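Enquirer: First the structure, which I've put down as structure tokens, then a few questions once you've had a look.
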Amino acid sequence: MPVRDIQQIGTTADKFADNFAGAAFAAGAASLAALGSVKWDVVRNTGGMTVTLANGSLAIDTGITANAEFLMLGAAQVCIPANLTAVFSISQRIANQEFRIGYLEVDPMTGLPVNNPNLAGFFRNHTAFLFDGTTATSTVLEAVADNAAARRTVTVTGGASTAGSAEYTIEARNEDITLMSAIADNTGLRTGGVGRLSSMSPNPSASYRPFVWVRNLATPPAGTTVFTLNRIISMDVQELQAEVGNGRGAITPSGAIPVAMVSGGNTVSVANNVSSTLANAMLATTTNGGSLFRLFSAASTNATNVKASAGRVYGGLISNTSASWRYVKFYNKASAPVIGTDTVVLTLAIPPNNDVSLAAVFDAYGVHFSAGISFVITAAVGDGDATAVGALDVIMSLLFV
């Protein structure tokens, strides 16, 4: 039988981001050195273009030299499926210039791209959004492979204008490539200028790196253009798909997925077979949630009543700032406890200079107190011990209902 690799699932496997924060550098060699020393590799720089690394942006001045180009690769290698978002502006859109941002296939060992055997000047495989032509709201969604029909494009109109700060996102999947755009820092949705390529998709078994590629064509542009990149983020997205077989069209209680719809706007309550006792307790307050309690220990045993009726502690954090063990002792009581008289029902030992998460101790169901929720804090473990702790030795936050 064939040996199958184990694939990581469930979250982002690899990440890359740059918002070009930090010191600004003079245009030219200083900016290139600073850029290459951190997150980028400059693969092509034929001259004629000037790179300026500022605090919060990377500016590439195209100049008017024919065939001038600048290509850089982000440090992280990703696999498909992957998402890439860039925020940028282009000072003008004129003929004979191209600006690409996307994913470029690289040799997984060297991290460098491989020349395309069928498309001169290009590399073996990439997917990108391409900005050429003279229309600020027009974009080309592009895929390049190493077969005879090496290039596929879809022209997208009505997208975010590149004259201002524009946000463009490319979602590369095994089955297709999707492009979305929006004006940056705006309340509008990312729906302007949507495009999709299906006939050619990235090879999911290859390795890719984010790339930015600016070039002038053989006929030089009529004027210089400044491409300003403010932020770029790349995420290698490994997706897990799960199907609930019994929930597919089932109408019987045993087969369906229980969802309770509550009238009034978009409010939805999802039970999903959680214990009815816990669900009722969690929804007991008028705000449909738990209550908060916080205490900074005084120089005493801190005898405290949190709730004078039945309740449930289901989360919180207890921090011990002292160099010795401290002990939080809970009582099922509707008033402040009396040490040595009342019965301790739960003792939590808090290590020196450490924390205890109550969610980890109590699990999702919490701990139920039928009479009330009370506690003391002492410096020794015995149920009858009344050794006071110091001021601010213990910081307690409780989540309860």
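Enquirer: Once you have the Cα-Cα distance between Ala29 and Phe296, take 0.36 nm times their residue separation minus that, and quote the gain in nm to one decimal.
Expert: Working: separation 267, 0.36 × 267 = 96.12 nm, distance 5.57 nm.
Length gained, Ala29 through Phe296: 90.5 nm.
Enquirer: Give the cross-link partners of Lys329 among the aspartates and glutamates, using a straight C-alpha distance below 19 Å as the criterion and excluding same-chain residues fewer than 8 apart.
Expert: Asp342, Asp355, Asp363, Asp383, Asp385, Asp393
Enquirer: Quick one: net charge of Ser370's neighbours, Cβ under 13 Å, K/R +1, D/E -1? Show your work: numbers first, answer last.
Expert: Working: positive: Lys307, Arg312, Lys333; negative: none.
Local charge sum for Ser370: +3.
Enquirer: Here is a further query. Starting from the Cα of Ala21, step 7 Å along the direction of its Cβ; do the same at Ile94; then give the gap between the two resulting points in nm.
Expert: Each label point lies 7 Å from its Cα, and together they span 3.6 nm.
Enquirer: Using 0.36 nm per residue of separation minus the Cα-Cα distance, give me the extension gain between Ala349 and Ala386 in nm, one decimal. Intermediate values should be presented prior to the final figure.
Expert: Values: separation 37, 0.36 × 37 = 13.32 nm, distance 1.51 nm.
Extra length from Ala349 to Ala386 when fully extended: 11.8 nm.
Enquirer: Which of the lysines could a cross-linker span from Lys333 if the Cα-Cα distance has to be under 19 Å and same-chain partners fewer than 8 positions apart are dropped?
Expert: Cα-Cα hits under 19 Å: Lys307.
Enquirer: Moving on. For Lys39, which lysines qualify as cross-link partners when the Cα separation must be under 20 Å and same-chain residues fewer than eight apart are set aside?
Expert: Lys15
Enquirer: What net charge is computed for the residues neighbouring Ser322, neighbours being all others with C-beta under 14 Å from the C-beta of Ser322, Lys and Arg scored +1, Asp and Glu -1? Write down the numbers at each step before the final one.
Expert: Working: positive: Arg326; negative: Asp355, Asp393.
Surrounding charge for Ser322 is -1.
Enquirer: Within a Cβ distance under 14 Å of Leu229, other residues only, what is the Lys/Arg minus Asp/Glu net charge?
Expert: Details: positive: Lys39, Arg100, Arg231; negative: Asp18, Asp61, Glu167.
Net charge in that neighbourhood comes out at 0.
A short reminder: the numbers here are calculations on the coordinates, not readings from a lab. Every value quoted in this text rests on a predicted model; they were computed, and no experiment measured them. Cβ sites come from the backbone with ideal geometry, for glycine too, and all protein chains shown count toward neighbours.
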